[in-house]
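In what follows, a structure is listed as structure tokens, so that the remarks can point back to it.
The values are calculated or read from the model by the stated rules, or taken from the named source; none is laboratory data. Remember, predicted model here, so these are calculated numbers, not experimental data. When we count neighbours, we look across all protein chains shown, and the Cβ atoms used for this are built from the backbone with ideal geometry, even at glycine. Please note that ligands, DNA and RNA were not included when accessible areas were found on the heavy atoms of the full protein model with its side chains. Shrake-Rupley method; radii C 1.70, N 1.55, O 1.52, S 1.80 Å.
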Amino acid sequence: MSKRNTQQRRHNIIADLNAQGEVSVDSLAKQFDTSEVTIRKDLAALETSGLLLRRYGGAVALPSEITEAKADQLSQQKLHIAKKAATLIRDHNRIIIDSGQTTSALVSELANKKGLVVMTNALSIANEIHALENEPTLLMTGGTWDANSEAFQGQVAEQVLRSYDFDQLFIGADGIDIKRGTTTFNELIGLSRVMAEVAREVIVMVESAKITKKIPNLELNWQQIQTVITDDGLSEEMRTALTEQGVKLLIAKG
């Protein structure tokens, strides 16, 4: 089975799990005519997504109520935004993916991209990238762990970022202040600003419900942002207001 069919293979693994309750690496490798290394990566990715539990030599299914709860964590809007964001990424791009649920949805959309270099400050995102079969080059910021953002922050992380340059930064937002820029509940905003400094294009991925949601902490101002991707729930008035700030607005349709 080719790399382009990775997602279909993983879907079939979940289907087998739902039917049988458990699967083995050996039997899956034979079923899909692929290596055991590839199957282990599949199981690692599916475990990271909360869809199974790995066991020695294979995996077992999670109770259905748990998998449904995990699936609900990512709204359809987030998934549509992630798909739209992925269309901006070319093979061999060097990108940063900041921590967050909306940005993490982007990872599965990278499966068919070639030669990517991906930097992140989030362990969960790093694990998902590591599990991709196309094996992007993975970079971690390091730094001080922040439990609130569930990501690394601080001066060490900032110094690491400044050692590189990137084509694109994909970053979320807790809110959008039309006059000022992106806002956040997190008071640790230094790393986000350094991420924006070292990337040629800053792409904000945000659900329309968060636009006009003002939060005290300004993260990135409009001069630092080139593109905003949101869902089709955004009103015409807000679309006009955003484009007047000089950013490119992309609407992800469901």
Q | Conditions (1) farther than 15 Å from E133 by Cα; (2) in a helix (DSSP H, G or I); (3) of a type outside the set (A, V, I, L, M, F, W, C); number of the one not met by R54 | A | (2)
Q: Just give me the residues in region 46-59 being open to solvent by 40 Å² or more (accessible area, probe 1.4 Å) and of a type in the set (A, V, I, L, M), in sequence order.
A: L51, L53
Q. Can you tell which of Q153, Q168 is open to solvent by less than 20 Å² (accessible area, probe 1.4 Å), more than 20 Å from L106 (Cα to Cα) and in contact (Cβ under 8 Å) with a residue 24 or more places away in the chain?
A. Q153
Q | Test for I229: is it open to solvent by less than 70 Å² (accessible area, probe 1.4 Å), free of Cβ contacts under 8 Å to residues at least 60 places away in the same chain and among the aliphatic types (A, V, I, L, M) | A | no
**Q.** Some residue of region 121-138 being open to solvent by less than 40 Å² (accessible area, probe 1.4 Å), in the same structural domain as I225 (by the TED database) and in a strand (DSSP E or B)
**A.** no
(Q) Taking the condition of being at pLDDT below 95, open to solvent by 40 Å² or more (accessible area, probe 1.4 Å) and either outside any strand (DSSP E or B) or farther than 28 Å from G143 by Cα (or both), how many residues in region 194-226 meet it? (A) 6
Q) Among (1) open to solvent by 10 Å² or more (accessible area, probe 1.4 Å); (2) at pLDDT below 95; (3) under 26 Å from E47 (Cα atoms), which single condition is E187 missing? A) (3)
Q. Would you pick out the residues in region 17-45 that are open to solvent by less than 30 Å² (accessible area, probe 1.4 Å) and of a type in the set (D, E, K, R)?
A. D42
Q) Among all residue pairs at least 6 apart or on different chains, which show Cβ distances below 8 Å where the first residue, located in region 23-40, is part of a helix (DSSP H, G or I) and the second is hydrophobic (A, V, I, L, M, F, W, C) and exposed (fewer than 15 other Cβ atoms within 10 Å of the Cβ)? A) F32/M1
Q. For region 90-120, which residues satisfy the criterion of being among the acidic types (D, E) and open to solvent by less than 50 Å² (accessible area, probe 1.4 Å)?
A. D98
Q) Could you give every pair whose Cβ atoms fall below 9 Å, whose first residue belongs to region 95-115 and is within 16 Å of K84 (Cβ to Cβ) and in contact (Cβ under 8 Å) with a residue 12 or more places away in the chain, and whose second residue is assigned to a helix (DSSP H, G or I) and of a type in the set (D, E), counting only separations of at least 6 or pairs across chains? A) S104/E128; V107/E128; S108/E128
Q: Can you tell me which residue among N148, N186 is part of a loop (DSSP other than H, G, I, E, B) and within 27 Å of K248 (Cα to Cα)?
A: N186
